[in-house]
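Encoded as structure tokens, the structure appears first; notes follow it.
The values are calculated or read from the model by the stated rules, or taken from the named source; none is laboratory data. Here the structure is a predicted model, which is why all the values come from computation and not from measurement. Here the Cβ positions follow ideal geometry from the backbone for every residue, glycine too, while neighbour counts run over all protein chains shown. Please note that ligands, DNA and RNA were not included when accessible areas were found on the heavy atoms of the full protein model with its side chains. Shrake-Rupley method; radii C 1.70, N 1.55, O 1.52, S 1.80 Å.
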Amino acid sequence: MQPNGEDSPGRELARDVAAAADSGAPNRHFDTSDPARTKKGKTSGDTEWLTPGRFACILAACIFAAYPEVALGVRTFFFRDFGYFGYPLAFHHRESFWRCEIPLWNPLSECGLPFLAQWNTLVLYPGSIFYLLLPLSWSLGVFCLLHQFLGGLGMYFLATHWTQNRFAACAAGVVFAFNGLGLNCLMWPNNIAALGWMPWVVMQVERAWNDGGRHTSLAVVFGTLQMLAGAPEIILFTWTVLAVLLATQMLSLRQKNRLYLKRFLAVVLLVTGLAAAQLLPFLDLLAHSQRDTSYAQSSWSMPGTGWANFLVPLFHCFSANQGVFFQYEQWWTSSYYVGVQTLVLALLAAWRVRERRVLLLAAFAVLSVVLALGDNGYAYQWLRQAVPQFGWLRYPIKFVTLAVFCFPLLAAYGVRWIQRHMPGRAGFYVRWVFAGWAGPLALMAGLLWFARHYPYQWDEWQQTKQNAAIRAIFFMSFLALLPAAFQARQSRLQRLLQIALVFLMWLDFMTHAPRQNPTVQRAAFDPGLLRLSPTPGHGVSRAMIGPDADMKFRTASVREGISHYIGNRLGLFSNCNLLEDIPKVNGFFSLYLREAHQVCSLLYPPVNANLPRLTDFLNVSHITARGKLFEWELQTNYLPFVTAGQRPSFENETNTLRALTAPDFSPRRVVYLPVEARPFVTAGETSVRIEASRFSDHRGEIIVEASAPALVVVSQAHQRPWKASVDGQRARLWRANYAFQAVEVPAGRHEVRLVYRDTLFHSATLVSITTLAGLLISSFGRFRAPANVERLEQAQSVAQNQVA
């Protein structure tokens, strides 16, 4: 019997073998004769002290040190999509929340379009309650940082689960949390949330198909949370990794294959059921959106020289807005740097570690980087031809996300291999160090020579050279300290060196490029900044950014961050109109209603047509003054939000769209209806008086008085969930003027009601609630089962004692 409860070496080794079996790897992949193990059953380096709690403290300290002003609420993010997309969407969601409404419809953008169905609006994501209840200008930035922490911690647990090495897991967690792409994703609340859940989903779903039970419940919860975050590409990559892991495990073990597949499909089915309230409205919007299988293009691909940026972050990059560096012709991410030391360790793992997971991770990393090249890499073009559904996706550079997930795990395997095999092999280590140092340094030197002699138009050579030199110093320092962190005789020194290595990695990421997420004073997000007279409002009128001003907003930059953002707010650029509660003709969203988007696009490049009659129909009361950015001209000829009495003209879609751009288009006198409406519409041009109209986000009430049957036309985008009634009786809502709404009323005085009633969302919500109830009941039964078994065993023991 062991004194003080200490495990024997045999018991610890058995526990390690069991852990390897639990991970789903064949036993031959676990080296029980590891020469690095001592007689006490421990590895040569002391890594057990890096417990989850201690790593969480280290990670939290690093995040706080990176953005103390955001955590403390002094400043917040604003750069690019955070200020123009993420924050306005969160603001609109928050306003609806405090009105006790679910924001199904957004009436302020693109003449109206679905909001919850966009998926990336985080309406149904439970974590959004954090910024709905707390001051938004502080809480949304912290929301992003919390998910950065979640991702780093999840990668730590996943790497621990796979490598059984806590320092390797610690390194993987830091790389995943602070790599260039992870820092860039802080500007997208939905993307950083989905990225944060990615390692948790991979770890727990793998456990679910291996062990079932309570692991299945956790896998369903994690998978649903990521699904509700709303980042389709990240979710797709997550489940692709899981599907391939399952397939290879089934092929290698050839045991319990049916059970593994059954458990995996059960998780998929339960996640789909729980997320149905989000997925079904999204799929419905996708089917009616501007996207189809031919939508994807090779724009915003990784440049042909993009692989060089893994070694030299600023290679062929230029300083853009707020001093942030970007690649030429690629604006989705400002960086995907994972650290030179990470690449070297990943290559070492792919070379020396013969495990199923390592080979898969290496294959995924290479394939994703090739696909990120877009059509230049050929594989992306072949993939779109082989799987047409990939045509729905956009920007090939997004494939680099999969590589950023794989590299930290590969590096963790590399660290584990070094810890196990370097002791006693000094000669090999010297050769490895020479190759590990000389190879990357030679490549970096070659890249600098190329950048110096073959520069692009806006390259900044001095900054590129200095930055690469600092990367080389961090890289050499890391490799020099790595073996010492495992071989130092004193455990205290080992721990200090391991902390130093973590600090070096963090410092490398934080300095690999000028700050990717500039911050600004929270006052930049104060509501009510713009004052227009008369004030546009839903059901009253709209504002419109002129096409020239819109283009200047996309390219102009002001050095002072707060001036830059406030200027864009005053011009209602992108989705800033949501902060002012002002309806606007265009907007910035992933999905648009196909027909309404076609109409609005006529007014902007590349069409850029001057169509004053169309803007009158679109209810535009204010338009950007010509040659100005922040000044607005009042329009006097715009039509009211609701008009009536027009003569119907029945045309197909092509002719209708052509009629809207014709010089003689007269929206006051003519309304274009689809050909199929001809047998049902009896109204003609007549005199109608609009006595009153009142609109909120999801309903409208109109009082009309007509001398004869007439059409009431509403310049709001037509969509399936909108229902019309006249005097309480259901009425047909027609698609008018290609993309808008019209309803026929008989002669006399009538009340017309428009209600946004999404039956698909309600049905999907019922499916989600039913799935949740079933999951809770089954989970409760699983948790009670061990207690019941224990009570049964106790009863049997008492009975046996009484008999004895």
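For the stretch 339-484, carbon and sulfur atoms together expose 68% of the accessible surface, with a 1.4 angstrom probe and every protein chain in place.
Over the C-alpha atoms of the chain, the Rg to Rh ratio, Rh being the Kirkwood estimate, stands at 1.03.
Its convex hull of Cα atoms gives the stretch 614-692 a direction-averaged projected area, equal to a quarter of the hull surface, of 7.1 nm². Can you give the angle from 0 to 90° between the axis of helix 166-178 and the longest principal axis of the chain, with both taken from C-alpha atoms, to the nearest 10? It works out to around 20 degrees.
For the chain, a simple Cβ point-charge model (Lys and Arg +1, Asp and Glu -1, everything else neutral) yields a dipole of about 1900 debye relative to the Cα centre.
Remark: the VAL366-ILE470 segment gains 34.8 nm on full extension, using 0.36 nm per residue and subtracting the alpha carbon distance. Label-to-label distance, LEU481 versus ALA266, with points set 7 angstrom from Cα along the beta-carbon direction: 4.7 nm.
Hey, what's the stretch 385-527 come to in accessible area per residue, 1.4 Å probe, Å²? If you can, show how the numbers build up before the last one.
Numbers: 6650 Å² over 143 residues.
That works out to 47 Å² per residue.
At 222 nm, what value in deg cm²/dmol follows for the chain if DSSP H runs of at least 4 each add -39500 (n - 2.57) and the sum is divided by all its residues, to the nearest 500?
-17000 deg cm²/dmol
Calculate log10 I(q)/I(0) of the stretch 671-782 for q = 0.11, 0.16 Å⁻¹, where I(q) comes from the Debye formula with a single equal point scatterer on each Cα and nothing for solvent. Values returned for q = 0.11, 0.16 Å⁻¹ are -0.45, -0.74. A crude spin-label estimate for the pair ASN608 and SER557, with each label 7 Å from Cα along the Cβ direction, gives 2.3 nm. For the stretch 438-559, what does the alpha-carbon gyration tensor say about shape, rounded, prolate or oblate, given a ≥ b ≥ c as the root eigenvalues, a/c under 1.5 as rounded, and a/b over b/c as prolate? Oblate, because a/c is 1.5 or more while a/b does not exceed b/c.
Assigning unit charges at the beta carbon (Lys, Arg +1; Asp, Glu -1) and nothing else, what dipole magnitude in debye, to the nearest 20, does the stretch 658-710 show about its Cα centre?
Value, rounded to 20: 120 debye.
Loop-located trypsin sites (Lys or Arg not before Pro) in the stretch 542-578 (DSSP state not H, G, I, E or B) with no more than 15 neighbouring Cβ atoms inside 10 Å: ARG559. Seen against the Cα atoms of the chain and their longest principal axis, helix 189-211 is set at about 50 degrees.
Placing pseudo-labels 7 Å out from each Cα toward the beta carbon at GLU633 and TRP392 gives an inter-label distance of 4.2 nm.
Entry comment: accessible area of the stretch 538-613 is 38 Å² per residue, from protein heavy atoms only and a probe of 1.4 Å.
Taking 0.36 nm per residue of separation and subtracting the Cα-Cα distance, full extension of the segment from TRP49 to ASP664 would add 213.5 nm. Diffusion of the stretch 478-615 by Stokes-Einstein, at 25 °C in a medium of 0.890 mPa s and with Rh set to the Kirkwood radius over alpha-carbon pairs, works out to 126 µm²/s.
Pair-distance distribution of the stretch 181-294: all C-alpha pairs, bin width 5 Å, starting at 0; shares per bin in whole percent are 2, 12, 19, 21, 17, 14, 9, 4, 1, 0. Multiplying each eigenvalue of the alpha-carbon gyration tensor of the stretch 98-217 by 5 and taking the square root yields semi-axes of 32, 18, 12 Å, largest first, rounded to whole angstroms.
Between 0 and 90 degrees, the angle of helix 276-287 with respect to the longest Cα principal axis of the chain falls at about 60 degrees. Ordering LEU116, TYR672, PHE167 by the projection of their Cα atoms onto the charge dipole of the chain, which places +1 on the Cβ of Lys and Arg and -1 on the Cβ of Asp and Glu, puts PHE167 at the extreme positive end.
Counting only Cα atoms, the size of the stretch 155-220 along its three principal axes is 37, 28, 11 Å, in decreasing order. Where q = 0.09, 0.11, 0.23 Å⁻¹, what log10 of I(q)/I(0) comes from the Debye formula for the stretch 271-394, counting one point per Cα? The computed values of log10 I(q)/I(0) come out as -0.39, -0.57, -1.21. From most to least packed by mean Cβ count within 10 Å, the peptides 166-175, 237-246 give 166-175, 237-246. Extents of the stretch 672-735, taken as max minus min of Cα coordinates on every principal axis and listed largest first, are 31, 27, 22 Å. Per-residue extension of 0.36 nm, minus the Cα-Cα distance of GLU653 and LEU253, leaves a gain of 138.3 nm for this segment. Here the peptides 116-129, 256-269, 335-348, 362-375 are ranked by packing, the mean other Cβ count within 10 Å, and the order with the highest first is 335-348, 116-129, 362-375, 256-269. Each peptide in 67-73, 514-520, 413-419 gets a packing score, the mean of other Cβ atoms within 10 Å over its residues, and the list from highest to lowest is 413-419, 514-520, 67-73.
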